[in-house]
Amino acid sequence: MKKAAIYARVSTSDQHVESQLYDLRELAAQKGYEIVHEYEDRGISGTRARRPGLDALLRDARQRKFSVVLVAAFDRIARSTRNFLQIIDELDSLGIEFISRREGVATGDAMGRLFVTIISAISELERSLVVERVKSGMRRARLEGRQIGRARLDVDREQVISDRRCGMSLTQVAKKHSISRASVCRLMKETNDSSRPAAFTSTGKLRYQAGA
């Protein structure tokens, strides 16, 4: 008899997992599985990769405490395709079958594995399209002469450095020049880096002498 684990999740605290658990217990009985543990996440969104119940399930999966995982539907295990595939891939690498009641998909059979492969291919295509759209937007911005990335600070850099070196605090310098404390730190770092004398390492690579 196969040992099975049940995973149930609801997004809000006023929802209940009992209906999912009832259906999954019935499914396990129909298939002749022995339920060894039931894992729950209550009031936790499926967009979160880290969830107490899911984390516990994966820890026990790595210890081979069961050979089948039952869920009510794909979106109970994860909302994003990427996260869903990561979980399925890990279970598959451990030799654990994944069964979703609503979709009728079981990774232990050929059709189930094909379905997951198709989802994976679609997800990869979506990522490629997003990357291409970003690159296309950046090319168009360059052709139109628009700024890409962080704009150069419109500030007297030398005066900022001088004020800081004269003993003014980060907050004082930032307020005086209407910039952020992080910008002050960045300007100081850029100045310090550019003022270090260059030297060569034993491998012939150029480096800057720290503290110079």
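The values are calculated or read from the model by the stated rules, or taken from the named source; none is laboratory data. On a predicted model such as this, the values are computed, not experimentally measured, just so you know. Cβ sites come from the backbone with ideal geometry, for glycine too, and all protein chains shown count toward neighbours.
Going by what's in this entry, would Arg64 be described as of a type outside the set (A, V, I, L, M, F, W, C), closer than 16 Å to Arg79 by Cβ and assigned by TED's automatic domain parsing to the domain that holds Ala78? Considered against the rule, which asks whether it is of a type outside the set (A, V, I, L, M, F, W, C), closer than 16 Å to Arg79 by Cβ and assigned by TED's automatic domain parsing to the domain that holds Ala78, Arg64 comes out as no.
Which one is farthest from Phe84 (Cα to Cα), of the residues in the stretch 38-73 that are in a loop (DSSP other than H, G, I, E, B) and among the β-branched types (Val, Ile, Thr)?
Among those that are in a loop (DSSP other than H, G, I, E, B) and among the β-branched types (Val, Ile, Thr), it is Ile44.
Entry remark, the stretch 1-36: residues being basic (Lys, Arg) and touching a strand residue (DSSP E or B) at 6+ places or on another chain (Cβ under 6 Å) number 3 in total. The set of residues in the stretch 59-85 being within 22 Å of the chain's Cα centre (by Cα) and without any contact (Cβ under 8 Å) to a residue 24 or more places away in the chain consists of Arg59 alone.
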